[in-house]
């Protein structure tokens, strides 16, 4: 099932890369691409390079179980550390695969509510790319207690500390954007400000556990649990809530309640810190991970009680968000096309958007096109309206290249997905599912990609 999931991720990653590179609006050169699109592009490339690692390790593991290979069976000459290396080569980039799209959301939201373009746009984009490169050189810091060579540990310690630099550059760019802007405090921005506070704490503890002596002492303790929750919940969940409040009006045509949103933020912020900050103390006091109960009298009870209270506050916050969504969908304020007075292109269409996104394709004059327009909006013409025709643009400067006709709706992609699902689920139980299941997969793929005559052209 892990392999199945990663195959799906690879397919999505390739589609996003091609779409961002070749199907941008005319004028949207790479230096005008929204930071969120940059973050998705960089993340997609990371998926392409990271996911094969976990696909290999999961395939080798199921081979050991089903057809008695010995990749990881130490009694038969296999190597258990090989599993860890392959898994963590995927596992640490995966942290940034989760984190980088969130930073793209933060850049968009901060710029909108600071009422100015993001400070240091080239530095922010370069930091995204640098983080992606460095993420592939860190995986062994999860294995410092496995007995690796000291030279290797020193290299991965340095790389683990170095990855904090591009993240710090982005944080300083966000602070500078707010510092020089005219700040409007709305719920999406509150979640971004909370993200900055929480992620900085998580980043500082990350630099600590990058050091071999400290990591050896706190390995498999609650200090590590505290660290990765500050990094992942702080680095992904807070921006995700901000993004949901920010784009909900565009997606649904309704505004979420601002009052409920502020309660949602403060309950989450207080509950999160009440839950996970005491875990730093617990870890330093020796409380181990993955043990469900402990003897009394070890001095861990009060901090665990605080963490439990904080967890309930987090639950109340999430429940409040769900109630807010349901109430807003039914009777929320109708959203205008651009309720936040943002500058990026998605706010130039209706809320919710047309099925085709834009009836006429806009020409992009700058990084914040809605703030830079002077007079009437410039539009691109020449595409047919009776077929699914799109404009393909050049990679760097987004000048028009050619027109391309998308295929008509088809049942074959769904059938191919169902056949692939049956193959992977069957492979859990028997290796014969792979050769047998490959037949319907091949048939559906052939049906999907078989050349078809366009509806408006007669057959030869």
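All of the numbers you see were taken from the coordinates with simple rules; none came from a lab. Because the structure is a prediction, the values reported are computed rather than measured. Cβ: placed from backbone, ideal geometry, glycine included. Neighbour counts: every protein chain shown.
A few notes on this one:
- Only helical runs count toward this figure. For the chain, summing -39,500 (n - 2.57) over DSSP H runs of n ≥ 4 and dividing by all residues gives -21000 deg cm²/dmol at 222 nm.
- The modelled label-to-label distance between residue 450 and residue 311, using points 7 Å beyond Cα along the C-beta direction, is 5.5 nm.
- Cβ crowding within 10 Å, taken as a proxy for footprinting-reagent exposure, orders 327, 1 from fewest neighbours to most as 1, 327.
- Percent RCO, i.e. relative contact order, over region 386-459, from Cα pairs under 8 Å lying at least 6 residues apart: 23 percent
- Estimated from the Cβ-Cβ distance and a Förster radius of 35 angstrom, the FRET efficiency linking residue 175 and residue 259 is about 0.80.
- For a label point 7 Å along the Cα-to-beta-carbon line of residue 430, residues of region 30-73 with backbone N under 18 Å: 63, 65-68
- Relative exposure of 356, 192, judged by other C-beta atoms within 10 Å (fewest first): 356, 192
- Between residue 318 and residue 270, the modelled labels are 2.0 nm apart [label points 7 Å from Cα along Cα→Cβ].
- Gain upon complete extension [residue 8, residue 395; 0.36 nm per residue less C-alpha separation]: 136.8 nm
- Using R0 = 51 Å, the C-beta based FRET efficiency linking residue 216 and residue 403 works out to 0.25.
- Peptides 50-62, 417-429 ordered by packing proxy, namely the average of other Cβ atoms within 10 Å per residue, highest first: 50-62, 417-429.
- Gain on full stretching of the segment that runs from residue 48 to residue 357 - 0.36 nm per residue minus C-alpha separation: 108.5 nm
- Inter-part distance where region 402-418 and region 146-222 are each reduced to a Cα centre, Å: 42 Å
- Convex hull per residue volume in Å³, alpha carbons only, for region 345-405: 102 Å³
- Mean sequence separation of contacting Cα pairs (under 8 Å, at least six apart), scaled by the length of the chain, corresponds to a relative contact order of 18 percent.
- Between residue 200 and residue 293, the simple spin-label model (points 7 angstrom out along Cα→Cβ) gives 4.2 nm.
- Taking region 101-121 and a reference point 7 angstrom along Cα→Cβ of residue 333, the backbone N atoms nearer than 20 Å belong to 109-110, 112-115.
- Order of 23, 322 - criterion: other Cβ atoms within 10 Å of each residue's Cβ, fewest first: 322, 23
- Packing-based ranking of 232-241, 69-78 yields 232-241, 69-78, ordered from highest to lowest mean Cβ neighbour count within 10 Å.
- Alpha-carbon centroids, region 1-72 and region 85-99: separation in whole Å: 12 Å
- With R₀ fixed at 45 Å, the C-beta to C-beta distance from residue 149 to residue 410 puts the FRET efficiency at about 0.25.
- Length-normalised contact order of region 345-405 in % [C-alpha pairs under 8 Å, at least 6 apart]: 22 percent
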